[in-house]
């Protein structure tokens, strides 16, 4: 063998054979020096910037292990690093150890302590809360975006002083209201660390007189029928009672599998939908002729392969505006047809059973009209 020292190191043998070009090869058992001058240079809410002086070694240092509170969390070949995903307002004890090419680990550096910043500053109060479209059972609201020293996460809406809904947008439609009733609305902002602003100045609105099926108007498209029948006899219907033709390119439908909270299988709508008309999306395997006849689009699979525990959502520009079903593995719509009641003229991101008529399995006589 040309290099017997390799065989000796790999498989064992006399020390005399552990040679390179006739010279003994000694194992490296010498650890690097401990890193010095560990410093925290920048402190954030969830981040710490660290730097230190390079360690020395008889062969070579290849990386540094970083410890938080005695636990190794990451490593780097550099002499600086930014630790992320930390908890705001938390004290951390930090040390660094050097590792050489042979895997020898130095003693840990002197520990330094650092406290991440804690965000206690609330967002600004939402301003200019205004009432938009009002129907017999819904009120559309909009407001100016709040600002925050870190980031605004969401807004809570209140109806007559009671919490009603949460949204990430600066507009929202509150549905499920009583006709000819006066309501008071406020909104507050919440940041990513759950600091809450004060509630906005209240605005009031009175819902209109109740109208019959299709007699009202809506500021937005919404689901009007849901079919979860035998086999793959499945369909959803979307109604337009806005008073205007709507470009469907901004809209899509998605589903959740077993109500797991994650929307998937988006199908982007195309074309336009005239006011007073509906758009029906069905499963391509449906064998009930009324479903086939009413369909504007038939899809072979997702998202119209839903089961009774799979919520279906209507999205506009990627934002949920209407939802059939609830989170969690709940059979809200198994083997039934759900038809939106005639008094409902607005979408609702919270599934409300009172908005729907529950009809027998494979009832499709109303599909294609609203």
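The values are calculated or read from the model by the stated rules, or taken from the named source; none is laboratory data. Please read these numbers as outputs of a predicted model, since none were measured by experiment. Virtual Cβ from ideal backbone geometry, glycine too; neighbours counted across all protein chains shown.
In segment 133-174, of all residues being assigned to a loop (DSSP other than H, G, I, E, B) and either at pLDDT below 85 or in the same structural domain as residue 345 (by TED's automatic domain parsing) (or both), the one that is farthest from the chain's Cα centre (by Cα) corresponds to 136. Taking the criterion of being in contact with a strand residue (DSSP E or B) (Cβ under 9 Å, 6 or more places away or on another chain) and farther than 12 Å from residue 35 by Cβ, the residues of segment 58-77 that qualify are 58, 59, 60, 62, 68, 69, 70, 72, 73, 74, 75, 77. Highlighted here are the strands (runs of 3 or more DSSP E) found entirely within segment 180-270 that include at least 1 residues which are over 24 Å from residue 325 (Cα atoms): 182-191, 203-206. Every test in (1) in a loop (DSSP other than H, G, I, E, B); (2) under 15 Å from residue 225 (Cβ atoms); (3) in contact with a helix residue (DSSP H, G or I) (Cβ under 8 Å, 6 or more places away or on another chain) is passed by residue 282 save one, and that test is (1).
With respect to the conditions (1) at pLDDT below 95; (2) within 21 Å of the chain's Cα centre (by Cα), residue 179 lacks only one, and its number is (2).
Filtered by the rule that a residue be without any contact (Cβ under 8 Å) to a residue 40 or more places away in the chain and within 24 Å of residue 27 (Cα to Cα), segment 62-90 gives 62, 63, 64, 77. The residues of segment 92-106 that are more than 17 Å from residue 39 (Cβ to Cβ) and touching a strand residue (DSSP E or B) at 6+ places or on another chain (Cβ under 6 Å), listed by number, are 99, 100, 101, 105, 106.
Yes or no: residue 250 more than 23 Å from residue 136 (Cα to Cα), touching a strand residue (DSSP E or B) at 6+ places or on another chain (Cβ under 7 Å), in contact (Cβ under 8 Å) with a residue 12 or more places away in the chain and crowded, with 19+ Cβ neighbours inside 10 Å? Considered against the rule, which asks whether it is more than 23 Å from residue 136 (Cα to Cα), touching a strand residue (DSSP E or B) at 6+ places or on another chain (Cβ under 7 Å), in contact (Cβ under 8 Å) with a residue 12 or more places away in the chain and crowded, with 19+ Cβ neighbours inside 10 Å, residue 250 comes out as no. More than 23 Å from the chain's Cα centre (by Cα) and over 19 Å from residue 287 (Cα atoms): is that true of residue 328 in this structure? So residue 328 fails the test. Taking the criterion of being surrounded by 15 or more Cβ atoms within 10 Å (Cβ to Cβ) and not in a loop (DSSP other than H, G, I, E, B), the residues of segment 116-132 that qualify are 129, 131. The residue that is surrounded by the most Cβ atoms within 10 Å (Cβ to Cβ), counting only those in segment 133-150 that are touching a strand residue (DSSP E or B) at 6+ places or on another chain (Cβ under 6 Å) and free of Cβ contacts under 8 Å to residues at least 60 places away in the same chain, is 143.
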